[in-house]
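None of the figures in this text is laboratory data; all of them are computed from the coordinates on show. All figures in this text were calculated on a predicted structure; none of them were measured in a lab. Neighbour counts run over all protein chains shown; Cβ positions are idealised from the backbone, glycine included.
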Amino acid sequence: MISVLILLAFVLLVGLIRAQSALIMLSSLLLVTALGSAFWSRRAVDWLSYRRHFDPPRVFPGEETDYVVEIRNQKRLPLPWVRIDERVPAPLLPVHGGSRVVGTEQWQRHRVVSLGWNEQLVIRQRFACAKRGDYVVGPTEIETGDPLALFPVRMRAQETHALVVYPRMALLDPLPISSRFPFGQTSARPPVIEDPARFAGIRDYRPGDPMHWVDWKASARRMKLQTRVFAPTTLHSVIVALNVQTMPLSWQGHAPAKFEAAIGVVATLVREALDARNSVGLAANSSGSEMEEFQVFLPPNRRPSQLEEALTVLAKLMPLPTMAFGAFLRKVASNFPYGASLVVVTAVLDEELAQNLAMLAERGHAVSVVFLGAELPVRLHPHITASCLPDVTFETIAVDSGVPGGRA
């Protein structure tokens, strides 16, 4: 930019020295145009914002989502052209197609738009994805400048974790989850909270007892305040543990089909356990994107967001184990609630793992094994229940693709 202005100023000076009116007029016109274009370009990216997100930001494979791009020019200077080069992960594909440059891991979409002063432009496009994962969109290169494009300027929007695609849910027959307490809510050792649904008797009133627990009829009969007593209880907790190792030896790599099947089975087990009003947790000997720990342990809970958090963790998991599964179970077993049921989903089962499972069963945990294979390769402890799944099928999702993406 500076060199062009210096060159035009030098031409204008030569014209003045030689008194050539045509050269003076031409160089003056070009110099004024260059100065105006330089000022325009220098201010072009001021107060120019670019945001992108998916709506909704979490979907299941096969579902569609809107990719929303918001570009705002918050100044009194129009932008006749804005060129946008977007990088999108390869599994994310527009429903209605469009021009794009395809690569192995990403594809690029080129757009050219114009913005008036104080104008906001919203571009919406329908996308679909058939593969689970935590997808990073970007970075995005934005180029704009003066109307003649003499001095283009660039800005970059950094990548963002914009979309989470949940794993596919496996179709399973009802799998019995072993429990040390077959009657659901169970008696527990103190200290616990008394359950008003389990009436145990009455006793004399003590200072500090809740007044809504006072039995007024019994108090009238005995002529002194009587308080209801309830049995202390605790909820049935279920831990679903996933072994991400799918080959006999971890250095042999992984079997993608078995790994995805195992994740689908875990997702279904978590959903069914929560539907049965259990307190459900998740454990896995692997990690994923944006996870601080090398292994995953989601403590048991019944909160409404527990299923969403578990599916998000499963969507991000990598297929490489960060710790042997037996050692991982020994490590996290101390975090299991008293009497919790353990459901293990694995495609690899050896003597060492069987011994670790037997140890947990002897500690008082009800252990169940879901083995991805035709038959068990080793004998398990008599108190461990096992199910074999030689083939895993997945639920299908009906997608309404009648809403086209477009520009708003």
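Put in line by how crowded their Cβ is, counting other Cβ atoms within 10 Å and starting with the fewest, VAL68, VAL313 read VAL68, VAL313.
What value in Å³ per residue do you get for the convex hull of the alpha-carbon atoms in the range 274-395? Spell out each step's value before the answer.
Details: hull volume 15.1 nm³, N = 122.
Spread over its residues, the Cα hull of the range 274-395 gives 124 Å³ apiece.
For the range 48-165, the spread of Cα coordinates along the three principal axes comes to 44, 26, 24 Å, biggest extent given first.
Per-residue 3J(HN,Hα) values for the range 330-347, derived from phi via the Karplus relation 6.51 cos²θ - 1.76 cosθ + 1.60 with θ = phi - 60°, read 5, 5, 8, 4, 5, 8, 6, x, 4, x, 5, 7, 10, 10, 9, 10, 8, 9 Hz in sequence order (x marks Gly and Pro). Anisotropy class assigned to the range 293-348 is oblate, per the alpha carbon gyration tensor with a/c at or over the 1.5 cut-off and a/b no larger than b/c.
Using C-alpha pairs below 8 Å separated by at least 6 residues, the relative contact order for the range 48-165 is 33 percent.
Averaging the sequence gap over all C-alpha pairs within less than 8 Å and six or more residues apart, then dividing by the number of residues, gives the range 219-309 a relative contact order of 28 percent. Amide H to amide H distances under 5 Å link PHE151 with ASP146, where only residues 5 or more positions off or on other chains count and H is placed in the peptide plane.
Here the Karplus relation 6.51 cos²θ - 1.76 cosθ + 1.60, evaluated at θ = phi - 60°, turns the backbone of the range 83-91 into coupling constants of 9, 10, 10, 9, 10, 10, x, 4, x Hz, with x for every Gly and Pro. In sequence order, the range 363-372 has phi-based couplings of 6, x, 8, 7, 9, 10, 10, 10, 9, 7 Hz under the Karplus curve 6.51 cos²θ - 1.76 cosθ + 1.60, θ = phi - 60°, and Gly or Pro positions carry x.
Amide H contacts under 5 Å for ILE239: GLY281, SER341, LEU342, VAL343, restricted to partners 5 or more places along the chain or on a different chain, H placed in the peptide plane at 1.01 Å from N.
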